[in-house]
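Student: Here it is, the structure, as structure tokens.
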Amino acid sequence: MKFAQINGVKAEAQQGLRGTCDICQSVMIAKCGKERIKHWAHKSKISCDSWWENETEWHRAWKNRFPENCQEIIHRDPASGEIHKADIKTTSGLVIEFQRSAIQPDEMQSRERFYKNMLWVVDGTRLIRDYPRFCKGFRSLRQTVKGFFLSSFPDECFPANWLTCSVPVYFDFQGRDDSVPQEDARRSALWCLFPNRVEGFAVVAGVRREELVKLASTAPDLLIAQGNLCYIAEYIRLQRENAAAHTGRQYPDPLALLNARRFRRHRL
Ligand SMILES: [Zn+2]
């Protein structure tokens, strides 16, 4: 973990320090070796949060994009009393989990059920074939409105174990490669696979990473599923009506076009 409590205050690991875990109250030891990033570990060597994985520089860089008061936040289920620590929980209540290593489907589902209002940010460079697959699959994506795409075969773009999530999954194909130029929009953007399908299509969206950080606090509804999918479904319907306009039917109503502009502002 990045933080432990010292005298009731969140503190980062420094050589020789001891702190306390704010979940189980046991002793934490600062680990500041050369092989891994500075972190805290339970003295007992057993983490009280079974969902916690060893952090990499990729995790830490993502966490550091958010304010400190949103990082490593305890989330408690009031009904069951179950406790876990979210990587990020914004002041709006949105939880963001960063995932680099492979994760079992049952744990993935457990986390989604537990946090509910959450999204994943996944390291898309974990396996060497992940980004080449996305590039190849990208050609088959069909753009709807700017930044949103439809896919009949999302497995041609994304790793199989992330295709059936119940929350949005944002793939980071840049990973820790800081040499990727900003102009390389396909790689420097995040690519979101939304849950559920619209008329059988998977919905994919490109979002700038700084935009994700901003919207997570200011407009989380734009990052999660429902509003976007309803909008895309409506857009497809209007397109269909437009096509039918040649046979004398009406053009889309002005309100729908206004909504389209609202969403476009937040997309690539
Ligand atoms: Zn603990």
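The values are calculated or read from the model by the stated rules, or taken from the named source; none is laboratory data. Computed from a predicted structure; not experimentally measured. All Cβ positions, glycine included, derive from the backbone under ideal geometry; neighbour counts span all protein chains shown. Protein only, heavy atoms only, side chains kept; ligands, DNA and RNA dropped before computing areas. Shrake-Rupley method; radii C 1.70, N 1.55, O 1.52, S 1.80 Å.
Student: Around CYS70, under 14 Å between beta carbons, what's the net of Lys plus Arg minus Asp minus Glu among the other residues?
Tutor: Net charge around CYS70: +3.
Student: Go ahead and collect, in residue order, the members of region 71-97 whose backbone nitrogen is under 14 Å from a label point 7 Å along the Cα-Cβ direction of ARG126.
Tutor: Flagged as within label range: 97.
Student: What FRET efficiency would be calculated for the residue pair ASN242, ARG36, taking the C-beta separation as r and a Förster radius of 51 Å, to the nearest 0.05?
Tutor: 0.40
Student: Taking +1 at the Cβ of each Lys and Arg and -1 at the Cβ of each Asp and Glu, which of VAL121, ASN69, GLN174 sits farthest along the dipole of the chain towards its positive end, judged by Cα position relative to the Cα centre?
Tutor: Selected residue: GLN174.
Student: A further question follows. Any chance you could look up the accessible area of GLU210 with a 1.4 Å probe, heavy atoms only, rounded to 10 Å²?
Tutor: For GLU210, the solvent-accessible surface is approximately 100 Å².
Student: Heavy atoms only, probe 1.4 angstrom, no DNA, RNA or ligands counted: give me GLU35, GLU234 ranked by accessible area, highest first. Don't skip to the end; give the middle numbers.
Tutor: Working: GLU35 180, GLU234 65 Å².
The residues order as GLU35, GLU234, largest area first.
Student: For LYS2, LYS38, give the ranking by accessible area with the largest first, probe 1.4 Å.
Tutor: LYS38, LYS2
Student: Quick check: from the Cα gyration tensor, does region 45-125 come out rounded (a/c under 1.5), prolate or oblate? Please report the intermediate quantities before stating the final value.
Tutor: Details: a/c = 1.43, a/b = 1.14, b/c = 1.25.
Here region 45-125 falls in the rounded category.
Student: Can you tell me the accessible area per residue over region 1-48, all protein chains present, probe 1.4 angstrom, in square angstrom?
Tutor: On the way: 3080 Å² over 48 residues.
Ligands and nucleic acids excluded, the result is 64 Å² per residue.
Student: Still on this structure: Please get the size of the charge dipole for the chain, origin at its Cα centre, with Cβ charges of +1 on Lys and Arg and -1 on Asp and Glu, quoted in debye to the nearest 20.
Tutor: 440 debye
Student: At what distance in angstrom do the alpha carbon centres of region 138-191 and region 1-20 lie from each other?
Tutor: 37 Å
Student: Related question: To the nearest 10 degrees, how steep is helix 209-218 against the longest Cα principal axis of the chain, on a 0 to 90 scale?
Tutor: The two axes meet at around 80 degrees.
Student: Also, quick follow-up: Could you please put THR144, THR125 in sequence from largest to smallest accessible area, using a 1.4 Å probe?
Tutor: Result, largest first: THR125, THR144.
Student: Please say if region 1-48 is rounded, prolate or oblate, where rounded means a/c under 1.5 for a ≥ b ≥ c the square roots of the C-alpha gyration tensor eigenvalues, and otherwise the choice is prolate for a/b larger than b/c and oblate otherwise?
Tutor: Verdict is oblate for region 1-48.
Student: Okay, moving on. To the nearest 10 Å², what's ILE46's accessible area with a 1.4 Å probe?
Tutor: Only protein atoms counted, so the area is about 120 Å².
Student: Which value, in Å² rounded to 10, gives the accessible area of ASP106 with a 1.4 Å probe and all protein chains present?
Tutor: 100 Å²
Student: Roughly how many percent of the accessible protein surface of the chain is carbon and sulfur, given a 1.4 Å probe and a whole-percent answer?
Tutor: Whole-percent figure for carbon plus sulfur exposure: 51.
Student: With Cβ to Cβ distances under 14 Å as the rule, what net charge do the other residues near PHE98 carry (K, R +1; D, E -1)?
Tutor: +3
Student: Considering only protein heavy atoms, what per residue accessible area in square angstrom results for region 52-264 with a 1.4 angstrom probe? Kindly include the intermediate steps, with their values, before the conclusion.
Tutor: Values: 10390 Å² over 213 residues.
Solvent-accessible surface per residue comes out at 49 Å².
Student: Right, another one. From the cross-link list LYS2/LYS146; LYS34/LYS214; LYS10/LYS43; LYS10/LYS34; LYS89/LYS136, which pairs have alpha carbons spaced over 27 Å apart? Don't skip to the answer; put the middle values down first.
Tutor: Numbers: LYS2/LYS146 38 Å; LYS34/LYS214 33 Å; LYS10/LYS43 18 Å; LYS10/LYS34 23 Å; LYS89/LYS136 34 Å.
From the list (LYS2/LYS146; LYS34/LYS214; LYS10/LYS43; LYS10/LYS34; LYS89/LYS136), the Cα-Cα distance tops 27 Å for LYS2/LYS146; LYS34/LYS214; LYS89/LYS136.
Student: Figure the gain on full extension for ARG133 and ILE46 (residue separation times 0.36 nm, minus the Cα-Cα span) and round it to one decimal in nm.
Tutor: Contour length minus Cα-Cα distance gives 27.6 nm.
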